[in-house]
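The structure under discussion appears below in the form of structure tokens.
Values in this text are rule-based calculations from the coordinates and carry no lab data. Values in this document were obtained by computation on a predicted structure and should not be read as measured data. Neighbour counts are summed over all protein chains in view; Cβ atoms, including those assigned to glycine, are modelled from backbone coordinates with ideal geometry.
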Amino acid sequence: MFSSASLAINGGPAVYPGGLKRGKVFGEEEGQVVSDVMRSGVVSKAGSGPMVQRFEREFAGFHGMPFAIATTSGTTALHIAVSALEIGPGDEVIVPDLTFISTASVVLQNGAKVVLCDIDERTLTISTGDLLRKVNSRTKAVMVVHLYGRPANMQEILEITKPRGIAVVEDCAQAHGATIGGQKVGTFGDLGCFSFYQTKNMSCGEGGMVITNNETLARRCKSLTRHGLVGDDLSAYDYDKLGFNYSMTELQAAIGLVQLAKLDRLNQVRRRNAKLYRLHLSGLPMIRFQEDCSGHVNYCLTAVLRGNLAGERDRFLEAVRAEGILVNCLYPKALSGTKLCSGAEDRPATSGAVASSVFNLYTNPDITAHFVETCCAAIRKVCLASQEVSG
Ligand SMILES: Cc1ncc(COP(=O)(O)O)c(C=O)c1O
């Protein structure tokens, strides 16, 4: 299938022999605010410094929500969300089978059971059909992931969860600014969680945020980031619950504020890059893209191999990477295929099949139109060569 002599993997000429490179994530402004914070002398203040407070205010405001709680990462944002909901032993939490490990690991950290749910083959987000099959009286919450920047079907999800009193945590780690009917993701469920890891739609290196409109949950979340502190008085050293040290630093918050101001523009670039890939890769029957929608913020552009290339992703990526281009794979294994979750009672079928055929194209604002076009030339070359040889 990949034996054509024209392919770089077999000694043929590479599309981009030098190897494509990505650009820089941060600009001068981020550098400036970091040095301003350093000079101020306050780089961290247990989540109570002026930068963290402003970042929480502005992030909440961006979402039209009353409360935002800054954390050290997307994982710790998810962990305090699950902890604020008092999820623990005896509880079941439904998690889509195709996602980053944190969506499930925070549930396991709290001693609750993860029930893996299949995905919809077009949107690649949680399947509401399978969700309906998996809810029961022990279901305490559903983790909804807006995977690759594409909003999940919140209307159908809430129709299932609301009448049953099941909490919803939205994992928006890849979907800052994504919308459904004009409403931002993270504002539909009980708690919305974001990551500011380096690759995300907005970043501060490492960092996270929880948003909610529930004051009780918001207070619990803030307290959990500060060891279970009672109220806001750090000097009281009084605690009423088992908490964590998950407070964001002033440095992270200062960078986050700059990035938040740029977010809409950064998302526009991601969407434009995704459109360009789709244009240059149109007409290839062996590639199906994640279904698009108007509120998609294209953390990446996700493709699933089909036809004679279905299930051949690893060899396919080896061949396209040999052409000198950069492509990604989120995720090579569904959670049910990982060692951690291999004991799951159920191995969802669609997520398993997608995981062996999925790959992702970088849409990050640090890439150029030339980068996109070169990637597409290499992918087209490998796709056509695979067809040629297999007849
Ligand atoms: C879907 C998803 N959930 C959670 C996380 C965890 O975020 P972080 O890396 O900031 O801990 C990530 C980030 O990789 C993610 O992509």
**Q.** Relative contact order [Cα under 8 Å, 6+ residues apart], the chain, whole percent
**A.** 23 percent
Q: Can you put His63, His280, His370 in order of Cβ neighbours within 10 angstrom, beginning with the fewest?
A: His370, His280, His63
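Hey, can you rank 71-79, 90-98 by average C-beta count inside 10 Å, highest first? List each step's numbers first, then the result.
Numbers: 71-79: 26.3, 90-98: 24.4.
In decreasing order of mean packing, 71-79, 90-98 become 71-79, 90-98.
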Q) Between Arg39 and Thr338, what length in nm is gained on full extension when 0.36 nm per residue of separation is reduced by their alpha carbon distance? A) 103.1 nm
(Q) Explain nothing, just the number: relative contact order of the stretch 61-161, from Cα pairs under 8 Å at least 6 residues apart, as a whole percent. (A) 25 percent
(Q) As an exercise, take the mean of 1/r over every pair of distinct alpha carbons in the stretch 61-181, invert it, and state the Kirkwood radius in angstroms. (A) 14.5 Å
Q) Tell me, what does the Kirkwood hydrodynamic radius of the stretch 28-259 come to in angstroms if you use every pair of distinct C-alpha atoms? A) 17.7 Å
**Q.** Share of alpha-carbon pairs per 5 Å distance bin for the stretch 236-331, given as whole %
**A.** 2, 9, 14, 16, 14, 11, 9, 9, 7, 4, 3, 2, 1, 0
Q. Using alpha-carbon positions, what is the distance between the centroids of the stretch 315-391 and the stretch 197-237, in Å?
A. 35 Å
Q | Rg over Rh, two decimals, the stretch 192-282 (C-alpha only, Kirkwood Rh) | A | 1.16
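Per the helix-only calculation at 222 nm, which mean residue ellipticity applies to the chain, given -39500 (n - 2.57) for every DSSP H run of n ≥ 4 and division by its residues, nearest 500 deg cm²/dmol?
Details: 11 runs with 141 residues, N = 391.
Rounded to the nearest 500, it is -11500 deg cm²/dmol.
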Q: Quick one: of Lys21/Lys200; Lys140/Lys262; Lys162/Lys222; Lys162/Lys200; Lys21/Lys222, which pairs are farther than 28 Å apart, Cα to Cα?
A: Lys140/Lys262; Lys162/Lys200; Lys21/Lys222
Q: Report, in whole Å, the centroid distance computed from the Cα atoms of the stretch 128-194 and the stretch 43-62.
A: 26 Å
(Q) Quick check of the Kirkwood formula: for the chain, what is the inverse mean of 1/r over all pairs of different Cα atoms, in Å? (A) 21.8 Å
